[in-house]
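Some notes on the structure that comes next.
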Amino acid sequence: DWDGTNFLVVWQDDRGANPDIYGARVSPSGGVLEPNGFAISTATSVQNSPAVVWDGVNHLVVWQDLRGGPNSDIYAARVTSGAIVLDPTGIPISTAFGNEMNPSIAFNGTHSLVAWTDQRSGFNIYGSRVTTGGQVLAPSGIPLSTAAGSQSAPSVSTNGVDFFFVWSDGRN
């Protein structure tokens, strides 16, 4: 995501014993500033499916995390424009019962909204707002879609004020 000076790209990296979350800054001309990347999360077990947004202060990176196994949770970390990870142990966004997976994120000028597929009672879409300081405003998550059937794979966007999200829906 663009911070006004450089882009931050994030990925699942399999160089260690388990997949971790790494990032690298890329200049506007395409130069990779950290050719080997830098670790954002190397917690135990598997971290995958990262997404990133610039919140006007820092990048907020979210991912699916199995550190609490056997179910996946959603974690985040703030990363400065200078590639410093402010939350090296991660910020728990959702550690509810069941799997939380496939996070998506957007920033509306005030808060970031993280949305994810949530299996605490079927396949539903939940979300939570996160402040620029890393505070999770709804630690239990807010149900965004709990229709019959399964909902999964959310994608969040914003017009700078309101959030808009779409998802795959199996109610019919």
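FYI, it's all coordinate maths here, none of it is from the lab. Source: prediction; values computed, not measured. When we count neighbours, we look across all protein chains shown, and the Cβ atoms used for this are built from the backbone with ideal geometry, even at glycine.
Brief remarks follow.
- Compared with the direct C-alpha span, the chain from D169 to F97 gains 23.8 nm at full extension, assuming 0.36 nm per residue.
- Other-chain or far-sequence residues with amide H under 5 Å of L144's (modelled H): I125, Y126, G127
- The Cβ shell under 11 Å around D65 holds other residues with a net charge of -2, Lys and Arg each +1, Asp and Glu each -1.
- Separation of alpha-carbon centers, the range 77-129 and the range 23-55, rounded to whole Å: 16
- Prolate/oblate/rounded label for the range 73-146 (Cα gyration tensor, a/c 1.5): prolate
- Phi angles of the range 14-27 translate, via the Karplus equation with coefficients 6.51, -1.76, 1.60 and θ = phi - 60°, into HN-Hα couplings of 9, 6, x, 5, 10, x, 10, 9, 10, x, 7, 8, 10, 6 Hz per residue; Gly and Pro are given as x.
- Top of G68, G90, G37 by mean-square fluctuation, Gaussian network on the chain, Cα under 10 Å: G68
- Charge tally in the Cβ shell below 15 Å around T80, where Lys, Arg are +1 and Asp, Glu are -1, T80 excluded: -3
- Point-to-point label distance, L137-R120, nm (Cα→Cβ direction, 7 Å offset): 1.8
- Full extension of the segment from A148 to D162, taken as 0.36 nm per residue of separation minus the current Cα-Cα distance, would add 2.5 nm.
- Over the chain, the pair-distance histogram of Cα-Cα distances with 5 Å bins from zero comes to 2, 10, 18, 21, 20, 15, 9, 4, 1, 0 percent, rounded to whole numbers.
- Under 5 Å, built H, 5+ apart or other chain: amide partners of S150: G170, R171
- Gyration tensor verdict on the range 104-172 (Cα atoms; rounded if a/c is under 1.5, prolate if a/b is larger than b/c, oblate otherwise): oblate
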